[in-house]
1. Remind me, relative contact order of the stretch 378-470 in percent, using alpha carbon pairs under 8 angstrom and six or more residues apart?
2. State the percentage of accessible surface on the stretch 207-262 attributable to carbon and sulfur atoms; use a 1.4 Å probe and exclude ligands, DNA and RNA.
3. Counting only protein heavy atoms and using a 1.4 Å probe, what share of the accessible area of the stretch 403-488 belongs to carbon plus sulfur, as a whole percent?
4. Share of the stretch 1-137's accessible area from carbon and sulfur, percent, 1.4 Å?
5. Over the heavy atoms of Arg45, what accessible area does a 1.4 Å probe trace out, to the nearest 10 Å²?
6. Give me the net charge for the shell around Tyr349: Cβ to Cβ below 13 angstrom, other residues only, Lys and Arg +1, Asp and Glu -1.
7. With Cβ to Cβ distances under 15 Å as the rule, what net charge do the other residues near Ala244 carry (K, R +1; D, E -1)?
8. Please report, in debye to the nearest 20, how large the charge dipole of the stretch 1-141 is about its Cα centre when each Lys and Arg carries +1 at its beta carbon and each Asp and Glu carries -1 there.
Amino acid sequence: MNRVRIYIPGDAAAVSVGADEVAAAMLAAARRETLDVEIVRNGSRGLHWLEPMVEVETPKGRIAYGPAEVSDAAAVLKAAAGGGGPHVLRLGLVDEIPYFRNQTRLTFARCGVVDPRSFDDYRAHDGTKGLTRALTMTQAAIIEDVTLSGLRGRGGAGFPTGIKWKTVADTPADQKYIVCNADEGDSGTFADRMIMEGDPFVLVEGMTIAAIAVGATQGYIYIRSEYPHAVAVMNDAIAAAKRAGMLGKSIAGSTHAFDLEVRVGAGAYVCGEETSLLDSLEGKRGVVRAKPPLPAHKGLFGKPTVINNVLSLATVPIILDKGGAFYRDFGTGKSRGTMPIQLAGNIKYPGLYETAFGVTLGELVDEIGGGTASGRPVRAVQVGGPLGAYFPRSLFHLPFDYEAFAKADGLIGHGGVVVFDDTVDMAKQARFAMEFCAIESCGKCTPCRVGSTRGVEVIDRIIHDDNRAGNLALLEDLCHTMKFGSLCALGGFTPYPVMSALTHFPEDFGAPRLQAAE
Ligand SMILES: Cc1cc2nc3c(=O)[nH]c(=O)nc-3n(C[C@H](O)[C@H](O)[C@H](O)COP(=O)(O)O)c2cc1C
Ligand code: SF4
């Protein structure tokens with residue numbers, strides 16, 4: 001009998017629901033049954049309600065079983081080793097599972113497919129193709145292709161990546177840096193972690209291409225401390241890339257030099273903001289810097305710096321491989337390409353869903369996500385992390401598109417969608433948003449530092465029916481001051497969740513139900 005290859009995710013989400021134990025139990029069962037089995041710890045496919053999802057390689061493709069428990073391990077192994085045979089947990093071919101089949105996986109093309117610890121496996125699945133092409137191009141041509149692709153920053157602000165790179169390329173300096181923002185602080189988001197744990201070489205490749213494009217020789221990946229698995233996988237990937245000659249003094253035999261190191265954050269939401277991240281990288285307390293100067297002109301240690309989100313950088317290799325025109329063919333309006341959307345909160349099918357921009361909020365929540373996990377009606381969704389707006393069902397027609405969301409006083413942010421059912425108290429959510437800002441504020445500017453604390457007090461008075469009308473007006477006024485007077489988006493965007501809760505769910509603040517909230 002041929003060796004059977006079985007995949008069990010080593011991704012933190014799968015591990016948190018028992019993947020390590022299932023893997024150990026399967027290995028023990030294989031030994032008992034003297035089956036020739038190889039267990040590969042892959043990344044997660046992002047179908048989180050099915051984790052741990054075990055896959056077996058067959059001539060027809062990979063067949064999945066899940067969610068597997070230790071008590072299922074021996075029987076699942078037997079069925080899997082028998083060519084993907086029947087078992088009550090059998091899900092069929094992975095590629096045919098509707099949640100997976102209907103996605104457009106460009107950034108996540110390899111996640112869950114490859115062995116994240118194997119550079120050879122990465123190469124065997126189209127890895128390094130983008131870099132190989134980039135090495136044949138001029139710096140200007142690489143930047144032109146990234147600009148043509150329409151790629152916008154996936155960290156939150158949606159700034160065009162090509163323009164950022166051009167600014168750094170055009171700034172003369174003896175030293176330039178590439179910094180990857182892997183702080184991933186937004187509620188309900190996990191795409192950065194999944195890529196780092198499931199396809200780490202794509203990030204190494206994307207950063208290397210960025211370095212070649214702008215003339216940088218040193219890069220840092222700033223990872224939040226809550227991601228120890230990602231830190232370990234990235235460190236291994238960097239070491240393997242160095243051994244393979246993909247990093248170091250001569251990238252793939254070229255005249256370009258680039259080195260990469262991981263740095264671990266200490267757990268402040270504001271350290272995801274690019275300038276305070278740079279302060280933190282320099283060993284200082286993470287405090288937001290006033291702009292200008294832009295990091296592209298004076299960033300890390302005062303040198304021109306590209307700072308991009310994990311997803312932005314991890315999307316670069318496929319753009320360089322297939323060309324900017326290929327990537328920009330997906331999407332809608334000024335939102336080109338695909339977005340790895342993260343479905344979280346009270347949702348039946350939580351997970352990672354990569355699709356072209358333009359899918360509606362309703363499709364995401366009701367159809368793809370299957371509604372709430374509790375079975376109760378969906379009442380609100382918060383998109384874009386703790387600074388994103390709360391949207392009611394009446395806005396479910398909104399397409400996932402930077403401009404459409406901005407027009408509705410919301411933001412796409414890092415693509416996190418957090419779902420709430422009809423038991424949610426939106427006044428409490430508004431209070432939570434203000435309190436979050438008060439706790440995480442770096443303290444540099446007054447509207448945020450003082451405003452958020454006063455904001456919590458004002459919302460408390462509204463909740464306790466203390467001069468409600470007067471305090472509602474005060475809250476609106478305070479939000480206006482924070483929005484237009486804060487130095488960065490922490491204080492500047494906190495009014496989005498607060499005011500959207502108030503606008504769309506006024507009944508939770510003691511007002512009669514508005515027509516618009518229906
Ligand atoms: C309070 C705050 C927190 C942020 N957190 C993150 C984060 O965790 N990850 C991230 O990539 N960007 C974060 N950003 C956005 C960054 O400042 C910056 O826009 C981004 O790293 C640029 O990369 P991009 O152009 O690839 O999106 C945050 C911004 C603010 C204001
Ligand atoms: S808005 Fe808040 S987090 Fe941003 S600079 Fe001002 S005090 Fe710091």
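1. Working: 106 pairs, mean separation 23.4, N = 93.
For the stretch 378-470, the relative contact order is 25 percent.
2. Numbers: 1050 of 2010 Å².
So the carbon and sulfur contribution to the accessible surface is 52 percent.
3. Details: 2150 of 4000 Å².
That share works out to 54 percent.
4. Details: 3060 of 6140 Å².
Using a 1.4 Å probe with all protein chains present, the stretch 1-137 comes out at 50 percent carbon and sulfur.
5. About 10 Å², rounded to the nearest 10.
6. -2
7. Details: positive: Arg117, Arg123, Lys129, Lys242, Arg243, Lys249; negative: Asp115, Asp120, Asp121, Glu205, Asp236, Asp259.
It works out to a net charge of 0.
8. On the way: 17 positive and 17 negative charges, 86 e Å.
Its charge dipole is roughly 420 debye.
The values are calculated or read from the model by the stated rules, or taken from the named source; none is laboratory data. Bear in mind that the values here come from a model prediction, so they are computed numbers and not experimental data. With ideal geometry, Cβ positions are generated from the backbone for all residues, glycine too; neighbour counts draw on all protein chains shown. We work out accessible area using only protein heavy atoms, side chains counted, and drop any ligands, DNA or RNA first. Shrake-Rupley method; radii C 1.70, N 1.55, O 1.52, S 1.80 Å.
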